[in-house]
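Coordinate-derived values only; no laboratory data. As the structure is a computational prediction, the values presented were derived from the model and not from experiment. Methodologically, a virtual Cβ is constructed for each residue, glycine included, from the backbone with ideal geometry; neighbour enumeration extends over all protein chains shown.
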Amino acid sequence: MLRRKARRAQGDSAGHGADPLDAAQERRVRAVLALGGVPQADLLDGVQQVRLRLLERAAKGYETPRDVSAWAAVVASNLAMDWHRAKRRQERLGERLASLRQHEHPSGEDTSVLSLAVAQGLDDLPDAQRQVLVLRFYADLPVRSIARELGVPEGTVKSRLHTAVRALRARLHEDEVV
């Protein structure tokens, strides 16, 4: 009886039955999904998709990614881009912004205005630029990890980041938010 329990415990610690994402990785995945435009109601499904893909990798006999956290953030970013395309997020965001303009905001909500402006600016970026910007500044991944996980050279990541930051900054100045 004790041997069975010990074997079961060893099996669990080897990955059988254990959650492939720890709490910090799950928070990062949620943040990447949310910043990628996935609505709050769909975040849990997105996290589950990342878990499923990690489990599928293991079931197919692939090695566990060197940096599970970075891998999960990239998968979440890709899921967010897929959702973004499928749901025509641009149209819905425009509708939300229009409805927010109808309501009067107290003058102390500068942070909300900035957040909305940044969200709109992110939406206007090409997918590849938005992806590296979110992975670098919101998921806090280093350029090297982003490049490795996306399968592109570091210089490409740096170039996309530079272009995305410049475009977002110009957008915020144009809208007179900053």
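Structure notes:
- Relative packing of 30-39, 149-158, which averages over residues the other C-beta atoms within 10 Å, highest first: 30-39, 149-158
- Alpha-carbon radius of gyration plus Dmax, which is the widest Cα pair, for the stretch 40-87 in Å: 11.5, 34
- Net length available on complete extension from Asp140 to Ala119 is 5.8 nm, with 0.36 nm assigned per residue and the Cα-Cα distance removed.
- From the Kirkwood radius over Cα pairs of the stretch 13-71, Stokes-Einstein at 20 °C and 1.002 mPa s returns a whole-number translational diffusion coefficient of 177 µm²/s.
- In order along the stretch 44-60, the Karplus-derived 3J(HN,Hα) couplings, from 6.51 cos²θ - 1.76 cosθ + 1.60 at θ = phi - 60°, round to 4, 4, x, 4, 5, 5, 5, 4, 4, 5, 5, 5, 4, 4, 5, 5, 7 Hz, and Gly and Pro are given as x.
- Placing pseudo-labels 7 Å out from each Cα toward the beta carbon at Glu174 and Val152 gives an inter-label distance of 2.1 nm.
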